[in-house]
1. Restricted to the stretch 14-39, and to residues that are out of contact with any helix residue (DSSP H, G or I) (no Cβ under 7 Å at 6 or more places or on another chain) and either closer than 13 Å to residue 167 by Cβ or of a type in the set (Val, Ile, Thr) (or both), which residue is modelled with the lowest pLDDT?
2. Of (1) under 22 Å from residue 45 (Cβ atoms); (2) surrounded by fewer than 15 Cβ atoms within 10 Å (Cβ to Cβ), residue 157 satisfies all except one. Which?
3. Look through the stretch 117-135, keep the residues that are out of contact with any Gly (no Cβ under 9 Å at 6 or more places or on another chain) and open to solvent by 50 Å² or more (accessible area, probe 1.4 Å), and return whichever of them is farthest from residue 230 (Cα to Cα).
4. Residues of the stretch 49-105 being in a loop (DSSP other than H, G, I, E, B), at pLDDT 90 or above and within 20 Å of residue 38 (Cα to Cα), which ones?
5. May I ask you to list the residues in the stretch 214-223 that are loosely packed, with under 14 Cβ neighbours inside 10 Å and hydrophobic (A, V, I, L, M, F, W, C)?
6. So is residue 2 modelled with pLDDT under 90, closer than 30 Å to residue 106 by Cα and either out of contact with any strand residue (DSSP E or B) (no Cβ under 8 Å at 6 or more places or on another chain) or surrounded by 24 or more Cβ atoms within 10 Å (Cβ to Cβ) (or both) or not?
Amino acid sequence: MTQATPAATTATSTAAPAAGTAPESAWHGMLLAFTAGFVDTLGFVALFGLFTAHVTGNFVLIGAAMAGSGHSGVVGKLLALPAFVLGVAATRLFQLSRERRGLDTTVPLLGTQLICLLAFMGAGVWAGPFVSGNGVPAIAVGLMGVLAMSIQNTAARSVFSKLTPSTVMTGNVTQLVMDLVDIATRAPGMAGASARVHKAWPPVAAFAVGSLGGGLGYAHAGFWALLVPCVALAALLQLLRKQ
């Protein structure tokens, strides 16, 4: 019987991740979460309460508007969900097309998101600031932001599925608090809780920093502030290309 050589053993142990899945890294999750927090907050402030990443949150604001309170721009919020669905479907079809040919999907997805985010920024700079969320320019710009973030939401469920979710933090914070309680009370499974806390807190913190940055950035630079998450995505692309 032939025994595996040391070189073969080393190659096996350092094999690349399965096709279609990005390597796991804390920096990857942090950069994605920072981008989502920044873009979602800036869109919310600039586009009369439109969520571009956490699109289901728009239903709450639609209900508030119908009750006579909250932000304007009901039409844009109604259109956000179908635009998001179309974006996710198109992204998934693109993924499957490349995966069937054995091609990488991670870098092209993030590159496309970066282009869409730059287009969102450019359109906002050109058409804004907006005086009403119900105007065609505000709706069109908002849907561009939704499409950009639909790509990240799809990537979070596919190529970045091993990372902590980056676009919606409610579940992450819930799990984080539960795990901290388990650690504090020395509950069974404490070791697993500790590992989850170590993995989850950096993206949650990055999302919070991004959210603060999005609000402050828009207050001082308008849509030009979107250059910051664009730089974050460009840095993530550079990290992925090195691996």
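The values are calculated or read from the model by the stated rules, or taken from the named source; none is laboratory data. Just so we're clear, the structure is a prediction, and the values are computed from it rather than from any experiment. With ideal geometry, Cβ positions are generated from the backbone for all residues, glycine too; neighbour counts draw on all protein chains shown. The accessibility values were calculated without ligands, DNA or RNA, using every heavy atom of the protein model including side chains. Shrake-Rupley method; radii C 1.70, N 1.55, O 1.52, S 1.80 Å.
1. Here the residue is 14.
2. (1)
3. Looking at the filtered set, the residue picked out is 131.
4. Just the residues of the stretch 49-105 that are in a loop (DSSP other than H, G, I, E, B), to begin with: 49-56, 67-73, 101-105.
Still in the list and also at pLDDT 90 or above: 49-53, 101-105.
Across the stretch 49-105, the qualifying residues are 49, 50, 51, 52, 53.
5. Initial filter on the stretch 214-223 (loosely packed, with under 14 Cβ neighbours inside 10 Å): 219-220.
Passing the criteria: only 219.
6. On the way: modelled with pLDDT under 90: yes; closer than 30 Å to residue 106 by Cα: no; either out of contact with any strand residue (DSSP E or B) (no Cβ under 8 Å at 6 or more places or on another chain) or surrounded by 24 or more Cβ atoms within 10 Å (Cβ to Cβ) (or both): yes.
Taking the combined requirement at face value, the residue does not satisfy it.
Conditions (1) among the charged types (D, E, K, R); (2) surrounded by fewer than 19 Cβ atoms within 10 Å (Cβ to Cβ); (3) part of a helix (DSSP H, G or I), marked per residue:
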position: 176; (1), (2), (3): no, no, yes
position: 179; (1), (2), (3): yes, no, yes
position: 188; (1), (2), (3): no, yes, no
position: 193; (1), (2), (3): no, no, yes
position: 205; (1), (2), (3): no, yes, yes
position: 225; (1), (2), (3): no, no, yes
position: 230; (1), (2), (3): no, no, yes
position: 235; (1), (2), (3): no, yes, yes
position: 240; (1), (2), (3): no, yes, yes
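Every residue, every condition in (1) closer than 25 Å to residue 119 by Cα; (2) among the charged types (D, E, K, R), yes or no:
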residue	(1), (2)
137	yes, no
142	yes, no
149	yes, no
155	yes, no
162	no, yes
169	no, no
174	no, no
178	no, no
185	no, no
